[in-house]
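Undergrad: If you scroll down you'll find the structure; I have some questions about it.
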Amino acid sequence: LPFSVSRAEAHLKLGVQDDVAQGWMPIAVFPGSREGELKQHLPVIPQALEIASKRLGAKVLALVPVAPGSNLEMIRQSLTDSESVRFHITEGHSHECLRAASVGLIKSGTSTLESVLLDCFPVIFYRAHWISEAIFKVAVRYLGPVGLPNILLGVKDREKSIFPELLGPDANSENCAEALV
């Protein structure tokens with residue numbers, strides 16, 4: 001992990017230093033890499049960032065690294081710029097995106113731990129197909145944290161998580177925006 005890289009250096013490496021200088025607030029956005037994840041997560045992201053932008057009173061620069069093999073076209077079609085939200089989509093450079101932002105909307109996985117280590121506060125979210133969510137909720141009844149940072153910090157109850165975890169129907173645009181703010 002690029003621990004020695006400063007935020008300013010990460011902005012330079014990503015080519016977003018001018019946007020940041022003009023007041024755009026960088027937020028790391030990790031929607032996932034598998035097509036099923038993208039189908040569940042991409043619809044939530046633009047509206048969440050629009051709401052967060054309004055509440056923060058700042059324009060949002062979403063730093064979106066795309067993993068090799070991800071459906072780049074689906075991501076580009078789903079994440080379109082507006083007056084208050086701009087998407088900087090890059091192939092790779094996930095660590096630079098985390099280093100460049102102080103907060104991120106990050107799907108549950110290893111990247112949540114990497115974000116904490118790189119000083120980017122993660123809002124952990126995950127949506128799945130409704131059948132998978134029903135099995136998880138009804139059959140498993142798991143109430144503990146799913147985010148690696150919370151697990152490693154010894155959190156036992158998801159409601160008491162240090163880093164917000166929004167799962168299933170709770171991972172909607174309104175809740176994601178509120179947690180980001």
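The values are calculated or read from the model by the stated rules, or taken from the named source; none is laboratory data. Owing to the predicted nature of the structure, the values given are computational and were not obtained by experimental measurement. A quick note on method: Cβ atoms are made from the backbone with ideal geometry, for glycine too, and the neighbour counts reach across all protein chains shown. These area figures cover heavy atoms from the full protein model, side chains too; ligands, DNA and RNA do not enter into them. Shrake-Rupley method; radii C 1.70, N 1.55, O 1.52, S 1.80 Å.
Undergrad: I need the helices (runs of 4 or more DSSP H) fully contained in region 1-44, keeping only those with at least 1 residues that are over 17 Å from the mean Cα position of the chain (by Cα), at negative phi and among the charged types (D, E, K, R).
TA: Where helices (runs of 4 or more DSSP H) fall fully within region 1-44 and carry at least 1 residues being over 17 Å from the mean Cα position of the chain (by Cα), at negative phi and among the charged types (D, E, K, R), they are 7-14, 17-21.
Undergrad: With the structure loaded, tell me whether GLN47 is under 15 Å from the mean Cα position of the chain (by Cα), modelled with pLDDT of 95 or more and over 16 Å from ARG99 (Cβ atoms) or whether it fails that test.
TA: In short, yes.
Undergrad: Hey, any hits in region 157-164 for a residue that's in a loop (DSSP other than H, G, I, E, B), at pLDDT below 90, more than 25 Å from LEU56 (Cβ to Cβ) and touching a Lys or Arg at 6+ places or on another chain (Cβ under 6 Å)?
TA: no
Undergrad: So for region 117-124 (the condition being closer than 18 Å to ILE75 by Cα, modelled with pLDDT of 95 or more and either within 13 Å of the chain's Cα centre (by Cα) or not acidic (Asp, Glu) (or both)), does at least one residue qualify?
TA: no
Undergrad: Out of (1) within 28 Å of GLY168 (Cβ to Cβ); (2) open to solvent by less than 30 Å² (accessible area, probe 1.4 Å), the odd one out for GLY36 is which?
TA: Status for GLY36: all satisfied but (2).
Undergrad: Turning to a different aspect of this structure: Residue by residue through region 1-40, note down the ones that are over 15 Å from HIS95 (Cα atoms) and modelled with pLDDT of 95 or more.
TA: Correct list: GLN17, ASP18, ASP19, VAL20, ALA21, GLN22, GLY23, TRP24, MET25.
Undergrad: I'd like to check something: does region 134-155 contain any residue that is aromatic (Phe, Trp, Tyr) and at pLDDT 85 or above?
TA: The answer is no; no qualifying residue exists.
Undergrad: Take ILE51 and tell me if it is assigned to a helix (DSSP H, G or I) and in contact with an Asp or Glu (Cβ under 8 Å, 6 or more places away or on another chain).
TA: When the stated conditions are applied, ILE51 passes them.
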